[in-house]
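A.B. asks: Before I ask anything, let me first share the structure, which is written out below as structure tokens.
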Amino acid sequence: MSDQNLADWRKLAVKLETEVNKVIIGQERPVRLITTSIFARGHVLLEGDVGVGKTTLLKAFTRAIGGGYQRIEGTIDLMPNDLIYHTYLGEDGKPHVTPGPILMSGSDLSIFFFNEINRARPQVHSLLLRIMAERTLSAFNKEHYFPHMIVFADRNQVEREETFEIPSAARDRFMMEIPILIPKNDDMMKSLTFETRFHDADNLVSEVKPNLLKFDKLKDIAKTIQETITATDALKNYALNLWKATKSPADYGIKISDLNMNRLMISGSSPRGMMMMMRAARVNAWLNERSSVTPTDIHAVFHETIAHRLVFNPVYEMRRTVIARDLTNGILNVIKAP
Ligand SMILES: Nc1ncnc2c1ncn2[C@@H]1O[C@H](COP(=O)(O)OP(=O)(O)OP(=O)(O)O)[C@@H](O)[C@H]1O
């Protein structure tokens, strides 16, 4: 793929963001991060309250990139097979089997949204993780492939009863965890409350230009971005120091008020985490018309690619959201950028 092609795709990526930002208001940063994940081919955890527009956001993205959108709700009685097929008694009195959400769009599946993943049992998580990693599933005597699928999973953080928290090994498979918060701006809050266009999500999504990108070409362009955007030795050393600081922040003089830094960390970033962080940073460089990754590109994605995979001492886990934010900020402040 030529440089011209990369430039053309960049224009499409910017258009994609414009289209989504047209219907989803006050979420420019999550939209940039989701675009980054799409072009870095990484799965995403969404963190946020209910009714903040997550479904609408993902439907808007799917409409613009093309391909199929499917969604499933995590519930305590959901079984792994519920992802694969439904059974029902037909009018003819006979049992029938139809494809479940994961199979419904066939190999054109583009975005799969698992809402409230932590309400589903670990058996369901493991099936999902296997499909995410292998992009294939055998069912109905056939192998099914999902070469273009990106999984988005939302964790209900408000009600913790009857939930099955996804373990750190599973969280590590996701490229990012992106917070989706209610817009703070008064005018936007008024718009969401009073403008009727926001009240009908399907109608709202229909304002997005359909099939702006070719979803089945994203894999190729993602590969080209990773192969084309370079990193200097100084930048590589910088990334290495950031990595080490996630393992033992105390050794680097990083402090968070009232925490015992020597007891905070159980484990820092995994190699996969650093790899995914760099993939996202490369895409950020490309989106900003740079041919080489700069520290700014790393800063743009560091928190969202690293925080969810850090494991804290259990006494600090309840305060994870705040501590993780302070820690990643502390690391970026203390480690000297080239
Ligand atoms: N920032 C926003 N921009 C545009 N519409 C929004 C925004 N936030 C909420 N909405 C509107 O709020 C309604 C609920 O949104 P949606 O169903 O997408 O939320 P959700 O986060 O998926 O909810 P749940 O967690 O309950 O599934 C929709 O009508 C949507 O248009």
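The numbers here are math on the coordinates, done by the rules we state, and not lab data. The model shown is predicted, which means the values in this text are computed figures rather than measured ones. Using ideal geometry, Cβ is built from the backbone for each residue, glycine included, and neighbour counts are taken over all protein chains shown.
A.B. asks: So for the pair THR87, LYS209, with labels modelled 7 Å out along Cα→Cβ, what separation do we get in nm?
C.D. replies: According to this spin-label approximation, the distance is 4.8 nm.
A.B. asks: Further question: Given C-alpha coordinates of segment 6-59, what is the ratio Rg to Rh with the Kirkwood estimate of Rh? Walk me through the numbers on the way to the answer.
C.D. replies: Working: Rg = 11.6 Å, Rh = 11.9 Å.
Using only Cα positions, Rg/Rh for segment 6-59 is 0.97.
A.B. asks: What value, in deg cm²/dmol to 500, does the helix sum -39500 (n - 2.57) over DSSP H runs of n ≥ 4 give at 222 nm once divided by the residues of the chain?
C.D. replies: Working: 16 runs with 164 residues, N = 338.
Calculated at 222 nm, the ellipticity per residue is -14500 deg cm²/dmol.
A.B. asks: Stokes-Einstein diffusion coefficient for segment 79-193 at 25 °C in a medium of 0.890 mPa s, Rh from the Kirkwood formula over Cα pairs: what value in µm²/s? Numbers along the way, then the final one.
C.D. replies: Details: Rh = 16.5 Å.
Rounded to a whole number, D works out at 149 µm²/s.
A.B. asks: Using a 10 Å cut-off around each Cβ, can you sort ILE182, ILE335 from fewest to most neighbouring Cβ atoms?
C.D. replies: Values: ILE182 14, ILE335 18.
Sorted ascending by nearby Cβ count, the order is ILE182, ILE335.
A.B. asks: Can you sort VAL52, VAL97 so the residue with the fewest Cβ neighbours within 10 Å comes first? Before the final figure, lay out the partial values.
C.D. replies: On the way: VAL52 21, VAL97 11.
Fewest-to-most ranking of VAL52, VAL97: VAL97, VAL52.
A.B. asks: From the phi of every residue in segment 124-139, what ³J(HN,Hα) in whole Hz does the Karplus formula 6.51 cos²θ - 1.76 cosθ + 1.60 yield, where θ is phi - 60° and glycine or proline is x?
C.D. replies: After applying 6.51 cos²θ - 1.76 cosθ + 1.60, I find 6, 4, 5, 5, 4, 5, 5, 5, 4, 6, 9, 6, 8, 8, 9, 7 Hz.
A.B. asks: About the Cα centre, and with charges only on the beta carbon of Lys, Arg (+1) and Asp, Glu (-1), how big is the dipole of segment 229-334? Nearest 20 debye, please. Intermediate values should be presented prior to the final figure.
C.D. replies: Values: 13 positive and 8 negative charges, 47 e Å.
Roughly 220 debye, rounded to the nearest 20.
A.B. asks: What residue among THR18, THR193, THR224 shows peak mean-square fluctuation when the chain is described by a Gaussian network model with Cα springs under 10 Å?
C.D. replies: The residue that fluctuates most here is THR193.
A.B. asks: For segment 49-131, what percent of Cα pairs sit more than 16 Å apart?
C.D. replies: The calculated P(r) of segment 49-131 puts 59 percent of pairs beyond 16 Å.
A.B. asks: Further, regarding this structure: Could you work out Rg/(2.2 N^0.38 Å) for segment 158-283, with Rg from alpha carbons only? Could the numbers behind the result be given before it?
C.D. replies: Values: Rg = 21.0 Å, N = 126, 2.2 N^0.38 = 13.8 Å.
My calculation over the Cα atoms of segment 158-283 gives 1.52.
A.B. asks: Something else about it: How big is the C-alpha Rg of the chain next to the rule-of-thumb value 2.2 N^0.38 Å, as a ratio?
C.D. replies: On the way: Rg = 20.7 Å, N = 338, 2.2 N^0.38 = 20.1 Å.
Output field value: 1.03.
A.B. asks: Between their Cα atoms, which of LYS15/LYS219; LYS54/LYS214; LYS184/LYS247; LYS184/LYS244 are more than 25 Å away from each other? List each step's numbers first, then the result.
C.D. replies: Working: LYS15/LYS219 19 Å; LYS54/LYS214 23 Å; LYS184/LYS247 34 Å; LYS184/LYS244 35 Å.
The answer is LYS184/LYS247; LYS184/LYS244.
A.B. asks: On a 0 to 90° scale, report how tilted helix 295-306 is relative to the longest principal axis of the chain, with both axes built from alpha carbons and the result rounded to the nearest 10.
C.D. replies: Value to nearest ten degrees: 60.
A.B. asks: Continuing with this model, one more query. Can you give the % of DSSP beta bridges in segment 1-159 that are antiparallel, to the nearest 5? Before the final figure, lay out the partial values.
C.D. replies: Details: 9 of 23 bridges.
Just about 40 percent of them are antiparallel.
A.B. asks: Using alpha carbon centroids, what distance separates segment 204-272 and segment 61-139, in Å?
C.D. replies: 29
A.B. asks: Mean-square fluctuation check for the chain, GNM, Cα pairs under 10 Å: which of PRO95, PRO249, PRO179 is largest?
C.D. replies: PRO95
A.B. asks: What angle do you read, to the nearest 10 degrees and between 0 and 90, between the alpha-carbon axis of helix 218-228 and the longest principal axis of the chain?
C.D. replies: Between helix and principal axis, roughly 20 degrees.
A.B. asks: Something else: Note the angle between two axes, namely the Cα long axis of helix 54-65 and the longest principal axis of the Cα atoms of the chain, as a number of degrees from 0 to 90, rounded to the nearest 10.
C.D. replies: 80
A.B. asks: Counting other beta carbons within 10 Å of each residue's own, what order do LEU89, LEU83, LEU192 fall into, fewest first? Before the final figure, lay out each step's value.
C.D. replies: Working: LEU89 9, LEU83 22, LEU192 17.
Ranking LEU89, LEU83, LEU192 by Cβ neighbours within 10 Å, fewest first, gives LEU89, LEU192, LEU83.
A.B. asks: By what distance, in whole Å, do the Cα atoms of segment 212-338 stretch along each of the three principal axes, largest value first?
C.D. replies: 48, 31, 21
A.B. asks: Go ahead and set up a Gaussian network model of the chain, Cα springs under 10 Å, then flag whichever of GLU91, GLU289, GLU227 fluctuates most.
C.D. replies: GLU91
A.B. asks: Let me ask something else. Counting only trypsin sites (Lys or Arg not before Pro) that are in a DSSP loop and have at most 11 other C-beta atoms within 10 Å, tell me the longest site-free stretch of the chain. Spell out each step's value before the answer.
C.D. replies: Working: sites that count: ARG160, LYS184, LYS336.
The answer is 1-159.
A.B. asks: Under a plain spin-label model, where a point goes 7 Å from the Cα along Cα-to-Cβ, how far apart in nm are GLU134 and THR228?
C.D. replies: My value for the distance between the label points is 3.4 nm.
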